[in-house]
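Working notes, beginning with the structure itself.
No lab work stands behind these numbers, since they all come straight from the coordinates. Since this is a predicted model, take the numbers as computed values, not measurements. Cβ coordinates were reconstructed from backbone atoms using ideal geometry, including for glycine residues, and neighbour counts include every protein chain displayed.
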Amino acid sequence: MKRLSFWIKFFGLILFSILIYKIGWESTLQSIQKVPFVHILISVLILWIAFYLKSSRWRIISRSYDIPLGRYQAFKIFFIGLFLANITPGKLGDFGRLLYIKDKVPNQKIGLASLLMDRVFDLICLLLFSLFAFLYYQVVFEILKFPTNYNTIFIWILGLVLLLFSFFLFRKKIINIIKPWFIAFNSHDLGVCKSIKAFTITCMSMILMYGVLNYLAWVMRLEISHIGLFLGAFIIGILTLLPITILGIGVRETSLVLIFQLYNLPSEDAIALSLIVFFVQLISFIPGAIWFYLSPIRLEDLKSMR
C-alpha cells in the first residue's frame, strides 16, 4: 500500500512532463523572463507577512489550549514546521512544531488538537473561497452542465446511505476511538471573539498567499480577469492537497493552463507563472530551513507523533 501511495505521487510529475513536452521549455523560459527578480523578492516578502499572520493565529489557538507561546517563538517554530511540512511525505513535518514546545504542552492529545484546530481554520477559509470560485466560474463560464439523467445522483445517494449504515453498525467502536480526541479538541477556550479574530487573520493571510499569483500575473502584464485568477487560485489550492503530486507539481500547472484557456491565454504563460510561484515558495521556506539547521530535531521522532 505504501509503495502504491509512493508511485501515485508521481502522477503530478507525469502531467508536468507532458505539458512541457507539448509546449516546450523555450516558450516557457521566455515567459518566465517577463518577471524581474526584484518582483520575486517582493512576492517572497508578501508570503512572509502571510506566514507571520498564520503564526499569530497559531499562537492564539495554542494559548486557548493553555500552551503559552511568545510571538517570536511562534513565528520561528511555525516557519520550521512549514519547512518540514514541505520536505516530508504527507505534510508530516507539521507535527514537528510539537517537538519544539513539548515542555509547554499538557499532553500529546492537547498538542495534536491545537494543530488540528489550526488546520480547521485553514480548511474552512479555503473551502469558503473555493465555493465563491465555483459559483464565479459557473456563472461566467458554465463549466458544469446539469445532468440529463439521474443515474449519477442515485449513485451518490446510494453511497451516502451505505456510509450512514456502516457508521450505524460500527458506531460504538467509532465513538470509543473518537471520544478522547473529541474531548481534547474541545478543551480550548477560544470563544466567539477569539474565533472571529483567528478567522479574520486566516482570511488576511490567505488573501496575501493566493494574491501573490495575481501580483506576478500583473507583473507579467497578462490580460486576465484578476478576480477569476484570484478565486481560481483557491481551487488550485484544494487540488494540490490531493495525494497525487509532490509539492503540487503538475497539478498546479495543469489547473492554471485550464484557467488560462478559459480566457484564451497562451499555455506557456500559465506554466511560467506556476513555476515562478513555485520558486517563490521555495525561497520563502529558507528562514525555516535555517532555524531548523540551528536547532534540528530527529525526523524519526515525527513518526511517533502520528
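Listed here are the pairs LYS54/LYS102; LYS104/LYS197; LYS34/LYS76; LYS54/LYS109; LYS22/LYS76; which of them are more than 31 Å apart at the Cα?
Pairs exceeding 31 Å: LYS34/LYS76; LYS22/LYS76.
Once you have the Cα-Cα distance between ILE297 and ILE157, take 0.36 nm times their residue separation minus that, and quote the gain in nm to one decimal.
45.7 nm
Whole Å is fine, so just give me how far the alpha carbon centre of the stretch 252-270 lies from that of the stretch 212-236.
Measuring centre to centre over Cα atoms gives 11 Å.
Round to a whole angstrom and tell me the spacing of the C-alpha centers of the stretch 128-143 and the stretch 46-94.
31 Å
Would you mind computing, in nm to one decimal, how far apart the modelled labels at ASN264 and GLU223 are, each placed 7 Å from Cα along Cα→Cβ?
For the pair ASN264/GLU223, the computed spacing is 0.9 nm.
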